[in-house]
1. Mind listing whichever residues of the stretch 39-54 are without any contact (Cβ under 8 Å) to a residue 40 or more places away in the chain, over 15 Å from Trp149 (Cα atoms) and among the aliphatic types (A, V, I, L, M)?
2. Going residue by residue through the stretch 165-172, is there one that turns out to be over 19 Å from the mean Cα position of the chain (by Cα), part of a helix (DSSP H, G or I), among the aliphatic types (A, V, I, L, M) and surrounded by 14 or more Cβ atoms within 10 Å (Cβ to Cβ)?
3. So, Gly122, is that one assigned by TED's automatic domain parsing to the domain that holds Leu65, on the phi > 0 side of the Ramachandran plot and either without any contact (Cβ under 8 Å) to a residue 60 or more places away in the chain or of a type in the set (Phe, Trp, Tyr) (or both) or not?
4. Is it the case, given these coordinates, that Ala43 is part of a strand (DSSP E or B) and either under 20 Å from Phe136 (Cα atoms) or in contact with a Gly (Cβ under 6 Å, 6 or more places away or on another chain) (or both)?
5. For the stretch 63-93, which residues satisfy the criterion of being under 19 Å from Asp103 (Cβ atoms) and out of contact with any Leu (no Cβ under 8 Å at 6 or more places or on another chain)?
6. If only one of Ile157, Ile133 is within 26 Å of Leu25 (Cβ to Cβ), part of a loop (DSSP other than H, G, I, E, B) and β-branched (Val, Ile, Thr), which one is it?
7. Take Arg140 and tell me if it is at negative phi and surrounded by fewer than 17 Cβ atoms within 10 Å (Cβ to Cβ).
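The values are calculated or read from the model by the stated rules, or taken from the named source; none is laboratory data. Being a predicted model, the structure only gives us computed values, none of them experimental. FYI the Cβ positions are ideal-geometry reconstructions off the backbone, even for glycines, and counts take in every protein chain you see.
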Amino acid sequence: MSAEEFKKKYSAIVPRSDISTAEGLKAASIILEQAKKEGIKCAIAGGLAMHIFGYLRATHDVDFLASKNLNLEYQQKLSFGGLSHLIEVGERNIIVDVIVRDDLFRDFYDAALQDSYLTADGWPVIAPEWMVILKFLARRSKDILDLLWMLREPGMINRDRVTQLLEQVMGKSGAQVALAGIEPYYVQAEVMRAGDENGRQER
């Protein structure tokens with residue numbers, strides 16, 4: 001790419017549309033307040049959950065798992081179950097998807113919601129092992145990146161617990177089929193972790 005081509009291609013800076021952790025949590029607090037009023041169980045998932053875990057990758061919205069739909073104005077219905085809301089935070093409108101699965105993955109999402117954790121600050125969030133399972137089921141490119149990051153983080157994922165959770169929903173035979181699909185990611189994460197450690201030792 002020549003200097004002139006570079007100048008044409010990058011002549012204007014496109015503003016980023018991703019949201020900060022603080023903005024995401026502010027939107028989350030509004031949803032959680034409404035859920036509490038209605039007696040609905042909710043937990044943070046998606047990119048904001050990854051922020052809570054320490055992986056500050058770009059995210060453009062906030063995702064929740066919920067036991068039922070909230071009685072809030074919504075923008076659209078989600079194709080796999082749930083509603084998409086627009087929440088005002090300062091001068092921004094943030095998309096918040098409140099997921100209530102009604103498809104073949106419903107049992108996984110219901111179980112993940114029931115097993116959600118509270119952070120020290122009181123934020124309900126989907127447990128890391130369940131996040132691994134849900135990311136594996138989704139398998140979009142960003143989900144695979146999230147999955148690998150969690151697997152390579154020392155002490156974050158208990159693989160025996162992943163197995164137990166899969167067995168809880170699928171039974172032992174079904175869990176073994178799913179684990180065969182997850183195993184390559186375990187291996188890849190170990191390779192990446194070894195590379196991280198070698199890089200630190202060489203410094």
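1. Ile40
2. Yes: one or more hits.
3. On the way: assigned by TED's automatic domain parsing to the domain that holds Leu65: yes; on the phi > 0 side of the Ramachandran plot: yes; either without any contact (Cβ under 8 Å) to a residue 60 or more places away in the chain or of a type in the set (Phe, Trp, Tyr) (or both): yes.
When the stated conditions are applied, Gly122 passes them.
4. yes
5. Phe64, Lys68, Leu78, Ser79, Phe80, Gly81, Gly82, listed by residue number.
6. Ile157
7. Yes; evaluated as a whole, the condition is true for this residue.
A quick yes/no check of all residues on (1) basic (Lys, Arg); (2) more than 16 Å from Gly54 (Cβ to Cβ); (3) touching a Pro at 6+ places or on another chain (Cβ under 9 Å); (4) at pLDDT below 95:
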{"position": "Ile126", "(1), (2), (3), (4)": "no, no, no, no"}
{"position": "Leu137", "(1), (2), (3), (4)": "no, yes, no, no"}
{"position": "Leu148", "(1), (2), (3), (4)": "no, no, no, no"}
{"position": "Ile157", "(1), (2), (3), (4)": "no, no, yes, no"}
{"position": "Asp160", "(1), (2), (3), (4)": "no, yes, no, no"}
{"position": "Gln164", "(1), (2), (3), (4)": "no, yes, no, no"}
{"position": "Gly174", "(1), (2), (3), (4)": "no, yes, no, no"}
{"position": "Gly199", "(1), (2), (3), (4)": "no, yes, no, yes"}
